[in-house]
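Only one structure is covered here, and it is reproduced in the block below.
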Ligand SMILES: [Zn+2]
């Protein structure tokens, strides 16, 4: 079986690109995705064909080719903490995108949001007490390759991460903060939660996995958060040639940067520790 997992919410005739996998025991035949409009057209042709008993002839021009394995790199920058340099606030996004569009939403927006958040915190408070680490993962789209490599490389220090989070859903306004914090301390940052509420961000559940590139970290006892965004238009554009900068509203990406900066600043300047008790020193 050939598996393709992608569909969009748009009416355009662009197919949504995504990773494709073959089952081990089958012959590898070419496979591709088509747009919803074209799929519906094809379906109408098939039902018309049944009554007319005519063949449907498709002319398919596919130019994809395998480029082989290449090397790419996670890009990591940090502001070292003044009081607790070993304690890490990890905020992240991914650098790669599918080749059709420019990747402005997926995930250029995320890269802009988390790097801007770190910069805003540095400008507002100077050197943070804890280390703020910005991780821009490589090769997310083809299977979280950079994220798994980060875990392998940093296995001995994962327990030092106070929380990890990824921005990977375009630039739609944030409306909810989900967490995976130690239950006993989850409600301690009441000041932060009420400040976020004034930005339109409600406190949600305590069961999130944090988003693709940090989703493996809870297994290692690392707390994660996810900032839920308005995705009304996200799947109209992502993984298509329409993923371009004009789809990002400046006021929306500014709200994202502000919310990320507020959380990052709070966590980098306070003693709040949401790690499971067993993992803390
Ligand atoms: Zn993405």
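The values are calculated or read from the model by the stated rules, or taken from the named source; none is laboratory data. Note that the structure is predicted; figures quoted are calculated from it, not measured. Neighbour counts are summed over all protein chains in view; Cβ atoms, including those assigned to glycine, are modelled from backbone coordinates with ideal geometry.
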Looking only at region 217-229, which residues are crowded, with 17+ Cβ neighbours inside 10 Å and touching a helix residue (DSSP H, G or I) at 6+ places or on another chain (Cβ under 8 Å)? 217, 222, 224, 225, 227, 229
From 87, 66, 100, 78, which residue is surrounded by 12 or more Cβ atoms within 10 Å (Cβ to Cβ) and modelled with pLDDT under 90? 100
Using the structure shown, decide if residue 13 is without any contact (Cβ under 8 Å) to a residue 40 or more places away in the chain, within 23 Å of residue 143 (Cα to Cα), under 26 Å from the mean Cα position of the chain (by Cα) and exposed (fewer than 15 other Cβ atoms within 10 Å of the Cβ). no
Pull out all pairs, ordered by first then second residue, where Cβ-Cβ is under 9 Å, the residues are six or more apart or on different chains, the first lies in region 135-152 and is more than 14 Å from residue 70 (Cα to Cα) and not assigned by TED's automatic domain parsing to the domain that holds residue 222, and the second is at pLDDT 95 or above and surrounded by fewer than 20 Cβ atoms within 10 Å (Cβ to Cβ). none
Restricting to region 19-32, name every residue that is at pLDDT 85 or above and surrounded by 13 or more Cβ atoms within 10 Å (Cβ to Cβ). 22
Just to be sure before I move on: is residue 214 within 19 Å of residue 160 (Cα to Cα), within 16 Å of the ligand (Cβ to nearest atom), touching a residue at least 60 places away in the same chain (Cβ under 8 Å) and crowded, with 18+ Cβ neighbours inside 10 Å in the structure I sent? yes
Looking at region 242-279 only, could you name the residues that are out of contact with any helix residue (DSSP H, G or I) (no Cβ under 8 Å at 6 or more places or on another chain) and closer than 19 Å to residue 182 by Cα? 267, 270, 271, 276, 278
For region 88-104, does any single residue satisfy the condition of being assigned by TED's automatic domain parsing to the domain that holds residue 239, more than 16 Å from the ligand (Cβ to nearest atom), in contact with a helix residue (DSSP H, G or I) (Cβ under 6 Å, 6 or more places away or on another chain) and part of a loop (DSSP other than H, G, I, E, B)? no
Is it true that residue 68 is in a loop (DSSP other than H, G, I, E, B) and without any contact (Cβ under 8 Å) to a residue 12 or more places away in the chain? yes
Mind checking which residues of region 245-275 are outside any helix (DSSP H, G or I) and either closer than 14 Å to residue 125 by Cα or over 17 Å from the mean Cα position of the chain (by Cα) (or both)? 249, 270, 271, 272, 273, 274, 275
Contact list please: Cβ distance under 9 Å, first residue in region 18-46 and more than 21 Å from residue 64 (Cα to Cα), second residue surrounded by fewer than 13 Cβ atoms within 10 Å (Cβ to Cβ), pairs at least six apart or on different chains. 37/11; 37/13; 42/56; 42/58; 45/56; 46/56
Within region 135-162, considering residues that are within 16 Å of the ligand (Cβ to nearest atom) and assigned to a strand (DSSP E or B), the one surrounded by the most Cβ atoms within 10 Å (Cβ to Cβ): 137
Just to be sure, is residue 118 within 16 Å of the ligand (Cβ to nearest atom), surrounded by 23 or more Cβ atoms within 10 Å (Cβ to Cβ), assigned by TED's automatic domain parsing to the domain that holds residue 83 and not in a strand (DSSP E or B)? no
Any chance you could count how many residues in region 165-208 are closer than 16 Å to residue 89 by Cα and within 16 Å of the ligand (Cβ to nearest atom)? 3
Does residue 242 qualify as being part of a helix (DSSP H, G or I), in contact (Cβ under 8 Å) with a residue 60 or more places away in the chain and crowded, with 19+ Cβ neighbours inside 10 Å? no
